[in-house]
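Since the structure comes first, as structure tokens, the remarks are kept for the end.
A short reminder: the numbers here are calculations on the coordinates, not readings from a lab. Note that the structure is predicted; figures quoted are calculated from it, not measured. Ideal geometry is used to build each Cβ from the backbone, glycine not excepted, and the neighbour counts take in all protein chains shown.
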Amino acid sequence: MLTKKQQEMDIKKWNDSQKAGYDTCGTYDHCSKCDKSLENPCDKALKASKSAKSATKKATAKKSVK
């Protein structure tokens with residue numbers, strides 16, 4: 001079952017692809033975390049990307065405190 005976020009991202013990809021004249025799947029920042037074999041791949045990739053960015057920010061904050 002598609003998540004609401006996946007549906008939203010599919011619509012965005014479709015619209016962006018129509019404007020660009022090519023398939024934009026794989027061109028977004030979160031696509032580096034994508035596994036197309038999973039259900040809701042864009043949603044999961046976006047969550048993984050946000051999680052990785054959050055972890056990086058926390059690590060950087062700890063380093064600057066020392």
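Residues in region 15-45 near a label at Thr3, defined as backbone nitrogen under 17 Å from the 7 Å Cα→Cβ point?
Backbone N within reach: 29-45.
Using a basic spin-label model with each label point 7 Å from the Cα along Cα→Cβ, how many nm lie between Gln18 and Ala55?
Calculated label separation equals 3.8 nm.
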